[in-house]
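Chemist: I'd like to ask you about the structure that follows.
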Ligand SMILES: [Zn+2]
């Protein structure tokens with residue numbers, strides 16, 4: 001297996017050579033938020049970095065330094081959770097786009113490890129389209145995960161398609177960094193759901209004690225690896241197909 005191509009270890013001359021070959025890059029987007037009593041704050045950042053590096057190994061695309069401070073709402077009142085406001089986050093993406101574009105990058109694949117940044121990433125992506133920017137974003141938020149969860153997981157989701165610190169996310173981190181997961185502290189909690197969820201927003205610490213939304217106790221590295229493989233396969237396929245569509 002090849003090594004990932006990392007911006008952080010390159011010289012500027014190597015960067016110039018790289019851009020001549022491939023005018024595109026991967027930008028991992030994580031978050032710094034509570035992940036239950038058994039997983040670290042940086043879980044999403046670790047996963048975003050992992051996905052980006054694995055995609056880089058298979059596509060030869062450069063991994064940019066990740067954005068770890070990102071936008072989030074529902075979890076912001078859990079002690080320790082860090083975030084920036086949506087405007088700041090979107091502006092940072094747009095500023096980065098400007099700098100990268102000036103150095104010859106035309107496409108940046110946003111590799112999300114944090115689903116809560118999805119809307120803000122889409123918002124930045126649309127702004128670039130509206131500005132007719134030469135550089136464009138391509139948003140990848142766990143492609144293929146829905147089907148993989150249905151196939152490999154046994155617990156029910158707290159809310160449809162949502163996963164946080166429960167079977168899905170715990171399994172993924174167990175596959176990547178088992179040393180950071182304390183399964184002896186994993187719990188099962190299904191907090192009460194606001195009957196107007198989707199219509200109104202709220203802070204989840206008001207109903208959830210542990211920070212786990214579902215069942216973390218049934219997680220396993222094996223399930224996690226299967227989910228990761230599905231997401232990676234779909235991500236790589238989308239990027240390769242997209243790159244091919246650009247040269248037509
Ligand atoms: Zn997470």
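The values are calculated or read from the model by the stated rules, or taken from the named source; none is laboratory data. Everything numeric here is computed off the predicted structure, so don't read it as measured data. Cβ sites come from the backbone with ideal geometry, for glycine too, and all protein chains shown count toward neighbours.
Chemist: Assuming residue 82 fulfils every condition listed in (1) more than 13 Å from the ligand (Cβ to nearest atom); (2) at pLDDT 95 or above; (3) under 17 Å from residue 164 (Cα atoms); (4) buried (at least 16 other Cβ atoms within 10 Å of the Cβ) apart from one, which condition is it?
Modeler: Unmet for residue 82, out of (1) more than 13 Å from the ligand (Cβ to nearest atom); (2) at pLDDT 95 or above; (3) under 17 Å from residue 164 (Cα atoms); (4) buried (at least 16 other Cβ atoms within 10 Å of the Cβ): (4).
Chemist: Ok, one more. Please enumerate the residues belonging to the stretch 97-116 that are modelled with pLDDT of 95 or more and out of contact with any helix residue (DSSP H, G or I) (no Cβ under 7 Å at 6 or more places or on another chain).
Modeler: 98, 99, 100, 101, 102, 106, 107
Chemist: Here is a further query. Residue 213 passes all but one of (1) surrounded by 16 or more Cβ atoms within 10 Å (Cβ to Cβ); (2) farther than 17 Å from residue 73 by Cβ; (3) without any contact (Cβ under 8 Å) to a residue 60 or more places away in the chain; which number fails?
Modeler: Condition not satisfied by residue 213: (2).
Chemist: Still on this model: Please find, within the stretch 144-185, the residue that is modelled with the highest pLDDT out of those that are touching a helix residue (DSSP H, G or I) at 6+ places or on another chain (Cβ under 6 Å), part of a loop (DSSP other than H, G, I, E, B) and crowded, with 19+ Cβ neighbours inside 10 Å.
Modeler: Here the residue is 181.
Chemist: Sticking with this structure for a sec: Across the stretch 120-141, what is the total count of residues that are in a helix (DSSP H, G or I) and touching a helix residue (DSSP H, G or I) at 6+ places or on another chain (Cβ under 8 Å)?
Modeler: 6
Chemist: Of all residues in the stretch 26-54, count the ones that are farther than 21 Å from residue 164 by Cα and surrounded by 23 or more Cβ atoms within 10 Å (Cβ to Cβ).
Modeler: Number satisfying all stated conditions: 2.
Chemist: For the stretch 59-77, name all the residues that are crowded, with 17+ Cβ neighbours inside 10 Å and in contact (Cβ under 8 Å) with a residue 40 or more places away in the chain.
Modeler: Those that are crowded, with 17+ Cβ neighbours inside 10 Å and in contact (Cβ under 8 Å) with a residue 40 or more places away in the chain: 59, 61, 62, 63, 64, 67, 70, 71, 72, 74, 75.
Chemist: Follow-up. Which residues, counting only those in the stretch 115-173, are touching a residue at least 40 places away in the same chain (Cβ under 8 Å), on the phi > 0 side of the Ramachandran plot and within 15 Å of the ligand (Cβ to nearest atom)?
Modeler: Across the stretch 115-173, the qualifying residues are 142, 165.
Chemist: Return the only residue of 162, 93, 128 being closer than 20 Å to residue 242 by Cβ and within 15 Å of the chain's Cα centre (by Cα).
Modeler: 93
Chemist: Right, another one. Restricted to the stretch 230-246, and to residues that are touching a residue at least 40 places away in the same chain (Cβ under 8 Å) and out of contact with any helix residue (DSSP H, G or I) (no Cβ under 7 Å at 6 or more places or on another chain), which residue is farthest from residue 179 (Cα to Cα)?
Modeler: By that ranking, first place goes to 246.
Chemist: Give the stretch 174-183 a look and list any residue that's touching a residue at least 12 places away in the same chain (Cβ under 8 Å) and away from the ligand (no atom under 14 Å from the Cβ), or say none.
Modeler: Listed by number, the residues that qualify are 175, 178, 182, 183.
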